[in-house]
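Just below is one structure, and these are the notes that go with it.
The values are calculated or read from the model by the stated rules, or taken from the named source; none is laboratory data. Since we're looking at a predicted model, the values are computed, not measured. With ideal geometry, Cβ positions are generated from the backbone for all residues, glycine too; neighbour counts draw on all protein chains shown. Please note that ligands, DNA and RNA were not included when accessible areas were found on the heavy atoms of the full protein model with its side chains. Shrake-Rupley method; radii C 1.70, N 1.55, O 1.52, S 1.80 Å.
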Amino acid sequence: MLPRAGVYYFPWEISSVAEGEALRTFGRLCCYDLARSEAVLTTQHNSAQYQVCVDTTFVEPFQAQLGAHYMVLGEAEHREGEGLVVKARILTCVEGINVSLLEQAIQEQRKYFNERQE
């Protein structure tokens with residue numbers, strides 16, 4: 001069963017997501033541990049590097065391509081000592097994506113939804 005559509009969050013905004021909330025985010029796959037079913041996505045924003053830990057239990061097996069861009073849809077889970085982990089329901093390789101255009105599209109989508117709510 002798939003989660004709700006999920007709101008897009010930038011990797012630097014992940015810490016504000018509530019437990020169990022459906023979310024979407026993206027990043028470059030920097031490491032994958034099949035034994036622990038964990039992947040780490042990284043993203044550079046301004047001068048800082050951000051990491052998103054992803055639990056891949058529900059999407060295995062998958063062809064991990066280190067260095068490729070991935071999008072993840074899943075639920076937020078707060079783990080003791082690790083911070084927020086995204087329990088992936090969908091983990092898709094989107095290599096070749098223009099990240100700056102994706103960020104711009106997310107901003108436009110947010111603006112549209114905010115205008116609709118008013």
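Laid out as a table, the results:
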{"quantity": "Residue in segment 36-44 that is assigned to a loop (DSSP other than H, G, I, E, B) and of a type in the set (Lys, Arg) present", "calculated": "yes"}
{"quantity": "Residues satisfying the stated conditions in segment 41-85, i.e. under 12 Å from the mean Cα position of the chain (by Cα) and touching a residue at least 60 places away in the same chain (Cβ under 8 Å)", "calculated": "Leu73, Gly74, Glu75, Ala76, Leu84"}
{"quantity": "Criterion (over 25 Å from Gly20 (Cβ atoms), among the aliphatic types (A, V, I, L, M) and surrounded by 10 or more Cβ atoms within 10 Å (Cβ to Cβ)) met by exactly one of Val86, Val99", "calculated": "Val99"}
{"quantity": "Top-ranked residue of segment 1-40 - restricted to ones that are without any contact (Cβ under 8 Å) to a residue 24 or more places away in the chain, on the phi < 0 side of the Ramachandran plot and among the hydroxyl-bearing types (Ser, Thr, Tyr), ranked as most open to solvent (accessible area, probe 1.4 Å)", "calculated": "Ser16"}
{"quantity": "Residue, most open to solvent (accessible area, probe 1.4 Å), within segment 41-83, restricted to residues that are of a type in the set (Val, Ile, Thr), over 16 Å from Glu13 (Cα atoms) and touching a strand residue (DSSP E or B) at 6+ places or on another chain (Cβ under 6 Å)", "calculated": "Val59"}
{"quantity": "Where Gln63 falls short, out of the listed (1) of a type in the set (S, T, N, Q); (2) at pLDDT 90 or above; (3) under 22 Å from Ala35 (Cβ atoms)", "calculated": "(2)"}
{"quantity": "Boolean, Tyr70 is of a type in the set (Phe, Trp, Tyr) and over 22 Å from Lys111 (Cβ atoms)", "calculated": "yes"}
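Residues are listed down the side, and each one gets a yes or a no for (1) at pLDDT 90 or above; (2) among the acidic types (Asp, Glu); (3) in contact with an Asp or Glu (Cβ under 6 Å, 6 or more places away or on another chain):
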position	(1), (2), (3)
Phe58	yes, no, no
Ala68	yes, no, yes
Gly74	yes, no, no
Val85	yes, no, yes
Ala88	yes, no, no
Gln104	yes, no, no
Glu108	yes, yes, no
